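This report refers to the structure that appears directly beneath it.
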Number of protein chains: 2
Amino acid sequence: MASGSRSGGRVRLKDVADRAGVSMKTVSNVVHDYEFVSPRMRERVQTAIDELGYRPNLTARRLATGKTSMIALALPVVDQPYYAEIARYIGEEAERRGYRIIVEQTLNDVEAERAVIRDREEGLVDGVIFHPVRIGTLEIARLRPETPIVLLGEAARPLTTDHVMIDNAQAARDGVELLLAEKRTRIAFLADVRGDITESTQLRLLGYQEALLAAGIRPDPELVLQSDGFTIEDGVAAIAAAIERGLHFDAVLCRDDTFAMAALRALRVAGRSVPEEVSVLGWDDTVLAHSSTPALSAISPDKLAIATTALDLLEDRMKGYGGTGRHRLAPYSVIERGTTAVLQR
Amino acid sequence: MASGSRSGGRVRLKDVADRAGVSMKTVSNVVHDYEFVSPRMRERVQTAIDELGYRPNLTARRLATGKTSMIALALPVVDQPYYAEIARYIGEEAERRGYRIIVEQTLNDVEAERAVIRDREEGLVDGVIFHPVRIGTLEIARLRPETPIVLLGEAARPLTTDHVMIDNAQAARDGVELLLAEKRTRIAFLADVRGDITESTQLRLLGYQEALLAAGIRPDPELVLQSDGFTIEDGVAAIAAAIERGLHFDAVLCRDDTFAMAALRALRVAGRSVPEEVSVLGWDDTVLAHSSTPALSAISPDKLAIATTALDLLEDRMKGYGGTGRHRLAPYSVIERGTTAVLQR
DNA sequence: ACGCTAATCTATAGCGCTGTAAATGTCAAC
DNA sequence: GTTGACATTTACAGCGCTATAGATTAGCGT
């Protein structure tokens, strides 16, 4: 057996170099399509590569270059439709740009979220895209991570960190205006969730209120439904309780699609027709919106835009941009499907 | 400045060793909680680690050990509820076992699936969990990958490769039996999808047929609905067409939850009540099943069991097990919610 | 105090690749 | 035929860590 070759292991760059009778660097140059390699040499090396079935060891390359071409995506959980869809677009877009995605689920756990910020992934990834829900602006600013990072969502917006979200208040205003245009005047908000420390609900509620005031309607606190949690059961209970106590409403603006599904169910049980008697407007425009009957009208954040914008910002940082935090608003639209229509009297 | 230290970069093992005045290996021992380190030494080193804020470079560790502690999860797409939920459980379980997950979306692309099998991830991950839908048994057997791999789903079951699925035919029989027990006799199957090359539908259809025959009912080919695709619109069209042509049926066994949503919608539009007139049984028990109104009864694969079983098999392989392919059946159940009930006449 | 075993620590050679610096080739222009 | 000016190729020192083998120290019985 030739010295230097190995029986068990994989084929290394060195093996190819020996086979082709050239230096390792030349093989490396061929692998990387380096400009100044003569056609003959390129072919000779390529033949050796093919014959040996060589494939570069990415870990070694990473150690040598310091670049991992991997990005961590930290989300509360990947099977909630909104996050699943964000993950899908970020995954697709990252692939297109030559990055791999490592998914990290923080599972609503404060420590897990802190771990993300504390560079848990350091040396593992070139950057991280993080959608926090439990830790806020101050804490992130304090734990300021060394790894390039882009934040998603409304939970935290440190001045020092890049950030992508949609204009929640404006979207809520647009939603309410749609409902108003349908002659709806008693618009409920589903829901103010007890213990919700994120700003999402607050911003949406703010826009809801502003739109009402702008239309000359005084917001009725009774119409802001309270919920014990984020599940569909919580939402159903909130609407059912409202109906039970005789609350009059002809539309429901929901803080997410799950609550919209809850509204649909509770209204069905109560015998109120959607959209004839009550309009329901969802938020997030997930698979739930497409699957329900009637299909759900909803505020639809442009998830692809969120993904590409986050990646744009992150790539800047990874290339060395060191400025203060940039704040990007991604577009959204209000999609009308089957749960909104002009009020029938 | 002390020689050997560096200003710009991160703190390395060597820096800690110098600071504590010990060898690199001792620091490494402390980091890894090696048994034979004296308490005094351990403390001295730990102090240096803390003072310098040292964190190991995972890439370097990987190169040295050859272990990446990463697993690739290759799925068609991560935002379809079934895959999203599988990803969630595999992610959680992998985290528990000390692995990170790299997500790869094959997006229904044959080449992308081949790339997974061709060790696209080699040297990047210790193993891969792969749910193919476009390439079959033979091709996987032929491209036999070197990286440990576990297959999910019914598309491919090479003898040489480990594999996890549920007993589709039996689950279909169980589902039909539930419907039969509800006095349903005209059970439609939604749907035979044109161009579907996976075995999933075939196995489910087989179980459907077997259960019917076992009950003394001759399967009516008319009841096996045809669909042009897997979307909800395709499903709605299939059911609507059936109703249109006067097909009589009092139950629908669906090959996935999306088709069940389609059935719910088409039946609603046609004015048929669910479950009074028509029972609908979904398959996968995803978030769609929990969110619909009425809540969907469904065949419910034990996704956590699928995840843990897949990881068990994969860990075996990663530890060197080299036997022939093992075939594991994960449990499932038939969950009764609001879309199935005894037929009302 | 000595020998022996076990505990503890050190020195250093890789892991497989890339980047730098230097060596060698090539070719047109003089 | 020499000289530059590039084009092309090579040699090898790291990247930061782990693992092996060996050195040193400690503990204990005699």
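List of remarks:
- If you go through the stretch A:9-36 and pick out every residue that is away from chain B (no Cβ under 14 Å) and within 10 Å of DNA strand C (Cβ to nearest atom), you end up with 15.
- Of all residues making up the stretch A:171-188, the number that are under 19 Å from A:PRO301 (Cβ atoms), out of contact with any helix residue (DSSP H, G or I) (no Cβ under 6 Å at 6 or more places or on another chain) and not acidic (Asp, Glu): 4
- In the stretch B:254-295, the residues that are open to solvent by less than 10 Å² (accessible area, probe 1.4 Å) and under 18 Å from B:GLY207 (Cβ atoms): B:CYS254, B:ASP257, B:PHE259, B:ALA260, B:SER279, B:VAL280, B:LEU281, B:GLY282, B:TRP283
- Yes/no for A:ASN57 being at pLDDT 90 or above, within 12 Å of DNA strand D (Cβ to nearest atom) and closer than 27 Å to B:GLY91 by Cβ: yes
- Lone unmet requirement of (1) more than 7 Å from every other protein chain (Cβ to nearest Cβ); (2) open to solvent by less than 10 Å² (accessible area, probe 1.4 Å); (3) modelled with pLDDT of 95 or more for A:TYR82: (2)
- Search result, residues across the stretch B:179-203 that are under 18 Å from B:LEU267 (Cβ atoms) and under 26 Å from the mean Cα position of the chain (by Cα): B:PHE189, B:LEU190, B:ALA191
- One residue from A:LEU107, A:LEU143 being away from DNA strand C (no atom under 16 Å from the Cβ) and either among the acidic types (Asp, Glu) or at pLDDT 90 or above (or both): A:LEU107
- Within the stretch B:226-284, being away from chain A (no Cβ under 14 Å), assigned to a helix (DSSP H, G or I) and acidic (Asp, Glu) holds for one residue alone: B:GLU244.
- Within the stretch A:57-70, residues that are within 9 Å of chain B (Cβ to nearest Cβ) and within 8 Å of DNA strand C (Cβ to nearest atom) sit with their Cβ atoms under 7 Å from residues that are open to solvent by 50 Å² or more (accessible area, probe 1.4 Å) and not basic (Lys, Arg), at 6+ positions apart or across chains, in these pairs: A:THR59/B:LEU63; A:ALA60/B:LEU63; A:LEU63/B:LEU63.
- Selected residue (criterion: nearest to the other protein chains (Cβ to nearest Cβ)) from residues of the stretch B:87-115 that are farther than 30 Å from B:LEU138 by Cβ and among the charged types (D, E, K, R): B:ARG88
- A single member of A:ARG40, A:ARG62 is open to solvent by 70 Å² or more (accessible area, probe 1.4 Å) and at negative phi, and it is A:ARG40.
- For B:GLN209, the test of being farther than 23 Å from B:GLY325 by Cβ and in contact with a helix residue (DSSP H, G or I) (Cβ under 9 Å, 6 or more places away or on another chain) is passed.
- Residues of the stretch B:296-335 classified as surrounded by fewer than 16 Cβ atoms within 10 Å (Cβ to Cβ) and under 23 Å from B:SER279 (Cα atoms), total: 1
The values are calculated or read from the model by the stated rules, or taken from the named source; none is laboratory data. Everything numeric in this text was worked out from a predicted model, so none of it was measured. Reconstructed Cβ throughout: ideal geometry from the backbone, glycine too, with neighbour counts over all protein chains shown. Surface areas here come from the heavy atoms of the whole protein model, side chains and all, with no ligands, DNA or RNA. Shrake-Rupley method; radii C 1.70, N 1.55, O 1.52, S 1.80 Å.
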